[in-house]
Amino acid sequence: MKKLFEKPMFHYTFVLTVVAIVCGLMIGGMNAITAPIIKRNTDEAEKRAYQEVLPEGQKFDELALVEGVPASIQGVVVGTDNSGNVVGYIYTANGSNQHGTISIVISVDASGEILGASILSINQTKGIDDTRNNLQSFVGTQIGSTNPIGDIVSGVTNSLNTVKGLLVDISIAHGLLADLPADPYTETYGEGHTLEDDATFVATTQITGKKIVKDSSNAVIGYVYYLTGIGDYYNDYSEETVSGKGISLEVLFDESYVVLDVLVPEQLYEHTIGYRTHIVNYVATFVGKSPADFITMMTDPVAGASYTGDLVNILLNALLEEVN
């Protein structure tokens, strides 16, 4: 055995093996020490990000990912308040481009509106602050929309496109995982209601349809009017006036013609998407009112978007003339 150790090749091999074993044990020991610390720091960073993008959330529960959720989605939690009410959903998504990687945290309400946004980590070779600012410009928009609110900082196109792509992925995940709002008609008129066309109604340019709402016992409990208008709007992003684009409203009345709800279908909204939230908030002020109240309530609903606001008011005026 002694002679075997005297052979140079065996000696060097033995020494290297011992060194490798010792190093492996040291690395394993260090990993055992540092791994929990790294995980704890990551978890704390995520919790801080959750509170930042969803301040109303007091408890955050992780949701299991299902088939169809894009690979970029790293985690989803539902945020609830102290009473257990859902206040939003938080999505963590990772993306990459030729400049590096980006990890974002987005909070979304049940309807898909972005409530808050933060960059969890970013490894880009340029424009990091600009990318953070660009991400914030999507707060208030619908996930999946490529039109932010406000000005976009130029010069970070690749990073912006990565962010937009992640928002589209989040919109897909949201549709699969979130407890989405019920049918607004069911929420307003209850289960078992039916809709039928009003045979006496004559469509006009702005009022394209009317339905009678009945309950399960066939009693009339309301009416729905469908309004559509075409007009110009100023595109704040392209800084040009666009012609011939439409907006549609669905006005839900009770049987006494008191407004129960006013819907602004996103798929039929062709004006600057960033102003849609303002329009939704504006028409919501008519809930609980009768058509006779409309004339005193009409204002400019969106500062800086007079074309859009004027078109909405034209539709409401047409409805006033129809039902008053």
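From Cα pairs below 8 angstrom and at least 6 apart in sequence, can you work out the relative contact order of the range 58-130, rounded to a whole percent?
Values: 136 pairs, mean separation 15.2, N = 73.
Dividing the mean separation by the residue count of the range 58-130 yields 21 percent.
Which order results if F253, F294 are arranged by neighbouring Cβ count within 10 Å, fewest first?
Details: F253 22, F294 19.
In increasing order of surrounding Cβ atoms, one gets F294, F253.
Below 14 angstrom from the Cβ of V287, what's the summed charge of the other residues (Lys, Arg +1; Asp, Glu -1)? Intermediate values should be presented prior to the final figure.
Working: positive: K289; negative: E187, E250, D254, D261, D293.
For residues surrounding V287, the net value is -4.
Given the pairs K59/K126; K164/K245; K245/K289; K59/K211; K59/K289; K210/K245, which span a C-alpha to C-alpha distance of over 31 angstrom in this model?
The answer is K59/K126; K59/K211; K59/K289.
Among T92, T204, T308, T131, which comes first, second and so on when ranked by fewest other beta-carbon atoms within 10 Å?
Details: T92 20, T204 11, T308 26, T131 23.
With the fewest neighbours first, T92, T204, T308, T131 line up as T204, T92, T131, T308.
Output the relative contact order of the range 242-295, whole-number percent, from Cα pairs under 8 angstrom with separation of 6+ residues. Could the numbers behind the result be given before it?
On the way: 62 pairs, mean separation 19.4, N = 54.
So the answer I get is 36 percent.
Every number here is computed from the coordinates shown, using simple stated rules; none is lab data. The model shown is predicted, which means the values in this text are computed figures rather than measured ones. Neighbour counts run over all protein chains shown; Cβ positions are idealised from the backbone, glycine included.
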